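Just below is one structure, and these are the notes that go with it.
Nothing in this text is a laboratory measurement; each read-out follows from the coordinates by a stated rule. What you are looking at is a predicted structure, and each value in this text was computed from that prediction instead of being measured. Counting neighbours? That spans all protein chains shown, and the Cβs are built from the backbone with ideal geometry, glycine included.
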Amino acid sequence: MAQEDVFKKIISHCKEYGFVFPSSEIYDGLGAVYDYGQCGVELKNNIKRYWWDAMTLLNENVVGIDSAIFMHPTIWKASGHVDAFNDPLIDNKDSKKRYRADVLIEEHLAGIDDKIAREVEKASRRFGASFDEEQFRTTNPRVMEYQAKRDEVHSRFAKALNDNNLEELRQIIIDTEIVCPVSGTRNWTEVRQFNLMFSTEMGSTADGSTRIYLRPETAQGIFVNFLNVQKSGRMKVPFGIAQIGKAFRNEIVARQFIFRMREFEQMEMQFFVRPGEEIEWFRKWKDARLRWHKAMGLGDAKYRYHDHDKLAHYANAATDIEFEMPFGFKEVEGIHSRTDFDLSQHEKYSGKKIQYFDTELGQSYTPYVIETSIGVDRVFLSILSGAYSEEQLENGESRVVLKLPAELAPVKLAVLPLVKKDGLAEKAEEIMNMLRFDFRCRYDEKDSIGKRYRRQDAIGTPYCITVDHETLQNDTVTIRHRDSMAQERVPVTELNSIISEKVNIKNLLKKIIN
Ligand code: GAP
């Protein structure tokens, strides 16, 4: 199945089974804003719990906070967001549609890459086993022509971005003959910078009110609380502060479902270290974060690092962890070595000394920072993309199954009486009442047992417990395993320990440290 179709299926599956709904749907929706449904909220909470425990249980020198969304507006001046948190925008005068200039060019480059890939694929089919891709790419005239064109556009594009040269960005769009996908014309405006922060007014009257921003990242709430946490928690460098919370960005090109949203959730951790030790810590966190992702078991090959060649002026190392979404490898998490930029900026703008006295060294300094920053919604999408599966069964039927990590699945088990009569429903309810304190359980007695299994497969429930006539005789039930569909008979008294062993988040945490 084409990856584009898989993505469409995942989106409609999310809606049909209560994972993600478009926001304000009965009013025709609100662009790039989504609501999480009854299954989605459980999966999201489990992801957050997994991250929080990985940060604050596995590292005794990482503590959490929950800072306010509204913050003093000068914070965003100090952080650079007021002046530099911009996207370059261009409008098509005929369709009146607005685009990100950089995205138009990136899509053009991706189009050339696709043409090259198609040539390579055609040749590989033609030559079969004797095909030498490297040789083909460096000698085939058509591929070489495409590659030369791509390299030229790419180097102009990188330079224009580096120099913040908006005229050159427009010129590249003109020279490469990029057309508006809606009007099909090349009637473009100038390129302008557009700030991504949402703002609102705090205070009761128009005169007396202050313009404040909805935070575009949670990180600044950590920086401005550095001294509070360090002093009240008697924290010693190196130490980290973790936070989970909403962030808001007025994204212009808001597409790809929950990948790029205007309201989303971040899980960020700032780790404060001695100056000079930051690269060592950067490597440690880079490694630890990839292990966190891989522990979920979605497939190691689906992850890769993307080290940044071009660094922000304050950073001395940066990498992204990318996941292979149905629309290609995309950033899920960023890990940045941000030097002392943020704390120094807040020291400058607030006029308050933000330093740490290192008793071992006998000196004060501004700590350096390693940041790990990950979007909850992107992890959610990576999990669904990795877990969604359509299978043909031996009996000729098919099923859609979400092979979610059992530890993160919204519902851990379903209790299903084989039939409603003969006391089976009552026995099933008794089992539910025994298990509901430890696990999120579902009870289902409607339709055939096969249909009920399918319903649980579709929301990724790892275990179905079937109560049958034998249960009444010897107090045993069958457990059906979602992925293998294998069934085993076990005593009711052992259910709790069998299941808790499989669904505890501890399992994932252990994989990270081993
Ligand atoms: N404090 C650093 C920071 O915010 P970022 O690369 O802009 O860095 C970090 O964002 C992470 O937040 C990204 O890797 C992504 O997972 C998530 N994220 C950013 N913008 C997003 C959006 N519009 N929708 C969903 N997730 C987003």
Tell me the angle of helix 38-56 to the major Cα principal axis of the chain, expressed in degrees between 0 and 90 and rounded to the nearest ten. 70 degrees
Are there any GluC sites (Glu not before Pro) in the stretch 42-117 that are in a DSSP loop and have at most 13 other Cβ atoms within 10 Å? List them by number. Glu60
So, in Å, what gap is there between the alpha-carbon centers of the stretch 422-440 and the stretch 279-302? 39 Å
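Return the loop-located trypsin sites (Lys or Arg not before Pro) in the stretch 320-414 (DSSP other than H, G, I, E, B) with at most 16 other Cβ atoms within 10 Å of their own Cβ; answer none if there are none.
On the way: sites: Lys330, Arg338, Lys348, Lys352, Lys353, Arg378, Arg399, Lys403, Lys412; in loops: Arg338, Lys352, Lys353, Lys403, Lys412.
Listed in order of number, the matching sites are Lys352, Lys353.
May I ask you to list the trypsin sites (Lys or Arg not before Pro) in the stretch 71-155 that are in a DSSP loop and have at most 14 other Cβ atoms within 10 Å of their Cβ?
Working: sites: Lys77, Lys93, Lys96, Lys97, Arg98, Arg100, Lys115, Arg118, Lys122, Arg125, Arg126, Arg137, Arg142, Lys149, Arg150; in loops: Lys93, Lys96, Lys97.
Answer by residue number: Lys93, Lys96, Lys97.
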Skipping prolines and chain starts, which residues have an amide H placed within reach, meaning under 5 Å, of the one on Val477, given they are 5 or more residues away or on another chain? Val490, Val492
On a C-alpha basis, how far is the centre of the stretch 41-99 from the centre of the stretch 347-381 in Å? Whole number, if you could? 16 Å
Phi-based couplings in Hz for the stretch 277-288 (Karplus 6.51, -1.76, 1.60; Gly and Pro marked x): 9, 5, 5, 4, 5, 4, 4, 4, 5, 4, 5, 5
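Counting every Cα pair in the chain, what percent are over 44 Å apart?
Working: 36071 of 131841 pairs.
In whole percent, the long-distance tail amounts to 27.
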Could you work out how much longer the chain between Met1 and Lys421 gets when fully extended? Use 0.36 nm per residue separation minus the Cα distance between them, nm to one decimal. 146.9 nm
The aspartates and glutamates whose Cα lies under 12 Å from the Cα of Lys403, excluding any fewer than 8 residues away in the same chain, are Glu390, Glu391, Asp457, Asp483
Just the Cα atoms of the stretch 393-513, one point each, no solvent: what log10 I(q)/I(0) does Debye give at q = 0.14, 0.17, 0.22 Å⁻¹? -0.57, -0.83, -1.32
Using only Cα atoms and rounding to the nearest 10 degrees, what angle (0 to 90) does helix 424-435 make with the longest principal axis of the chain? 50 degrees
What is the angle, in °, between the Cα long axis of helix 141-162 and the longest principal axis of the Cα atoms in the chain? Nearest 10 is fine, range 0 to 90. 70 degrees
Mind checking the full-extension length gain between Phe131 and Asn45? Use 0.36 nm per residue of separation minus the Cα-Cα distance, one decimal, nm. 26.1 nm
For Glu190, net neighbour charge (Lys/Arg +1, Asp/Glu -1) across residues whose Cβ lies under 10 Å away: 0
For Lys352, counting only lysines whose alpha-carbon sits under 17 Å away and dropping same-chain residues fewer than eight positions off, the answer is Lys77, Lys231
Phi-derived 3J(HN,Hα) across the stretch 13-24 with the Karplus relation (6.51, -1.76, 1.60, θ = phi - 60°), rounded Hz, x for Gly and Pro, is 4, 4, 6, 4, 10, x, 8, 9, 10, x, 5, 6
Under 5 Å between amide H atoms, partner at least 5 residues away or on a different chain: which partners does Met296 have, H built in plane at 1.01 Å? none
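Of Lys115/Lys310; Lys122/Lys302; Lys97/Lys246; Lys44/Lys511, which pairs sit farther than 32 Å apart, going by alpha carbon to alpha carbon? Show your work: numbers first, answer last.
Values: Lys115/Lys310 27 Å; Lys122/Lys302 25 Å; Lys97/Lys246 28 Å; Lys44/Lys511 20 Å.
Result: no pair exceeds 32 Å.
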